[in-house]
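Asker: For reference, the structure I am asking about is given below.
Please treat every number below as a calculation from the coordinates, not as lab data. Predicted model, so just to flag it, every value in this text is computed and none were measured. Cβ sites come from the backbone with ideal geometry, for glycine too, and all protein chains shown count toward neighbours.
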Amino acid sequence: MREQARSPRAAKADAVSRAKANATPTWFAYLVSFLGSLAVMFALYYGSLLGLSATGNLPPPALTNSLCIDEKFAFMRQERPEAPNMLVVGSSVAWRHFDGDTMTHASPEAVPFNGGMCGRSINQTGYAAEWLLGHFGTVRDVLLIASPQDFNSCPASSTAFFDRGDVDDYVFGQANPWLLYTRYFSLVSLVRNALSIADKRSGADRVDPLVFDKYGSGPLGGDGVRGTLLYGKVAEADPACLEALSRLATKLRQEGRRFMVVSTPLHPEWRRLHDANGEYMGRLNAAIGTALAESGAEYWDSNSSPSLAASDFFDAIHLRWTAVPEFTGDLVKAFHLDRGLAGVSTQIVRGGA
């Protein structure tokens, strides 16, 4: 007796059951394939990082995606300063324009650390200074070296330019850096920085070296110049930058720290082209003086009595390292640091040394 033909409904139910039975291994295989591909990608990525590390071409974790700042964090992680009593802050002119040996020779009790970070506006310098002072409670004197460009623009959205928690863990907590390479992953910047970091660290890159001395300063162009001024005319100071400077000065005053602010030297040719009669620097000096007035901080414009020649400059605002000891000696005299660290001061210096 032949088996009765199945109903269309039963046939459809069987087809659905077979589809469900087949679906489970299909999705499982997809999941296994995905996880396997992910594992291979991570293995290749970390293998590449290990290879770069072995050859000296591994950049630091991109905590700010600014190589010179991330390398500064890496330097601090390896060479953490112990109990400094003088902190230098600011942009690249602070980082590259402070000679700790000249300072300690003039003031033997000084234990300086250069916390300058390249490319920072005044509000960002304030953010970095507060972070550093949170770790260095021994600091009594804070020295800010600034260029006119640092006062160009200070939008509030740009102030917190790094995550304090992550940087704390990396610099002071000695956290494993490998996870940070994943969290701050950027293939373009990793490749770009890997191609240049070895020359920058060794100083073979004469234009943009990432070499640090024992104080955290970054010597620049001891035997050459950039070949161009690079920096042109500067806009008037952003009121937000002046407000940020005022807030920092007030905070330091409340904490019982001395605050000294210096306008970095400007190339004679830059001054001839963009401020021949000194009106721009006059307005900037007045604005800075007003911002600092209530805090009792001190201000010195090094251009008010210039002692450096055009041959001392690397570009419009940066000095060759051979001229930095003289500049540091001038600021020692301007703030009477050769008499020792004075703690809190209420004098505002507007003249030269």
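Asker: At 7 Å along the Cα-to-beta-carbon direction for both Glu130 and Ala293, put a label point, then send me their distance in nm to one decimal.
Answerer: 2.5
Asker: So, one more: Would you kindly work out the equivalent ellipsoid of the stretch 200-333 from its C-alpha gyration tensor and give its semi-axes, the square roots of five times the eigenvalues, largest first in whole Å?
Answerer: The equivalent ellipsoid of the stretch 200-333 has semi-axes of 27, 20, 14 Å.
Asker: Something else: Rounded, prolate or oblate: which fits the stretch 133-196 when a ≥ b ≥ c are the square roots of the eigenvalues of the alpha-carbon gyration tensor, with rounded for a/c under 1.5 and prolate only if a/b beats b/c?
Answerer: Oblate, since a/c reaches 1.5 and b/c is not below a/b.
Asker: Continuing with this model, one more query. In terms of the Cα gyration tensor, with a ≥ b ≥ c the square roots of its eigenvalues, is the stretch 103-149 rounded because a/c is under 1.5, prolate because a/b exceeds b/c, or oblate? Let's see the in-between values first.
Answerer: Details: a/c = 2.90, a/b = 1.46, b/c = 1.99.
In terms of gyration-tensor shape, oblate.
Asker: Is any residue of the stretch 177-202 close enough, with backbone N under 17 Å, to a label point placed 7 angstrom from the Cα of Asn57 along the Cα-Cβ axis, and if so, which?
Answerer: It comes to 187-202, nothing else.
Asker: Another question about this same structure. If you stretched the chain out fully between Arg206 and Leu50, how much longer would it get, using 0.36 nm times the residue separation minus the C-alpha to C-alpha distance? Provide the component values of the computation, followed by the final result.
Answerer: Working: separation 156, 0.36 × 156 = 56.16 nm, distance 2.73 nm.
Once the chain is fully extended between Arg206 and Leu50, it gains 53.4 nm.
Asker: Could you give the length gained by full extension between Thr322 and Ser186, i.e. 0.36 nm per residue of separation minus their alpha carbon distance, to one decimal place? Don't jump to the answer; show the numbers that get you there.
Answerer: Numbers: separation 136, 0.36 × 136 = 48.96 nm, distance 3.67 nm.
The span from Thr322 to Ser186 would gain 45.3 nm if fully extended.
Asker: Could you please state, rounded to a whole Å, how far the C-alpha centre of the stretch 134-163 is from the C-alpha centre of the stretch 223-284?
Answerer: 13
Asker: Based on the Cβ-Cβ distance of Ala198 and Glu269, what FRET efficiency does E = 1/(1 + (r/R0)^6) give at R0 = 35 Å, to the nearest 0.05?
Answerer: 0.55
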